[in-house]
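Peer 1: For reference, the structure I am asking about is given below.
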Amino acid sequence: NEFKSAFRAKGYVSELNSAYFVYNAKDPQIKKFQEQRFEILRTVKGYDGTDKKFMDYYTYMPNDAKFNSISELAHRVTKDAKTPVDRVLAIRDYFLSKDENGEQLFSYTDNPGVPDIPNASKLMYFLFENHKGYCAYYAGATLFMLRSLGIPSRITVGFMTVDRSDKN
């Protein structure tokens, strides 16, 4: 009742959810924990039996040439992956990969270039031309790549606090 204007989304989340799920695994203990989770998640082979409305909503992709090229890239990047989690990891590894000169294929920058082009074009520019962007670029590209593979995906931003203090 105190925060009636606050937006809350209830989603399907795994009991295995954590900030260290895909990235940030330099610590050997975290890496071991990740691998244990990936092994459990590899038992999921697909989404049979998942609510159709849910799947339609979280796998929706516009049907045009731009998004078809994203789908082609996603299928190429994940061609050897057998399970949904392995497809997720293949996309992660693609963004962390190096080019033929040993340089990072993608790089993080607050100034990815070409200002004032439409958002969908920025996504294409990021994925297929300059490979430079910030978190929203990686998140958007990952979202559409996963959705094109039939993996339900969403992007969330922000935070919610509980037990707020009047001194804080």
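Peer 1: Tell me, what ³J(HN,Hα) does each residue in the range 121-136 have, in order and in whole Hz, if you take phi through Karplus 6.51 cos²θ - 1.76 cosθ + 1.60 with θ = phi - 60° and put x for Gly and Pro?
Peer 2: Once θ is set to phi - 60°, the couplings for the range 121-136 become 5, 4, 4, 5, 4, 4, 6, 10, 10, 8, 6, 10, x, 10, 3, 5 Hz.
Peer 1: Ok, one more. What is the packing order of peptides 77-89, 48-60, taking the mean over residues of other C-beta atoms within 10 Å and listing the highest first?
Peer 2: 77-89, 48-60
Peer 1: Roughly how many nanometres apart are two label points built 7 Å out from the Cα toward the Cβ at K66 and K98?
Peer 2: According to this spin-label approximation, the distance is 3.4 nm.
Peer 1: Along the range 69-82, what does the Karplus equation 6.51 cos²θ - 1.76 cosθ + 1.60 (θ = phi - 60°) give for ³J(HN,Hα), rounded to whole Hz, x for Gly and Pro?
Peer 2: 5, 5, 4, 4, 4, 4, 5, 5, 5, 9, 4, 9, 7, 9
All of the numbers you see were taken from the coordinates with simple rules; none came from a lab. Since the model is a prediction, treat every value here as computed from it, not as a measurement. When we count neighbours, we look across all protein chains shown, and the Cβ atoms used for this are built from the backbone with ideal geometry, even at glycine.
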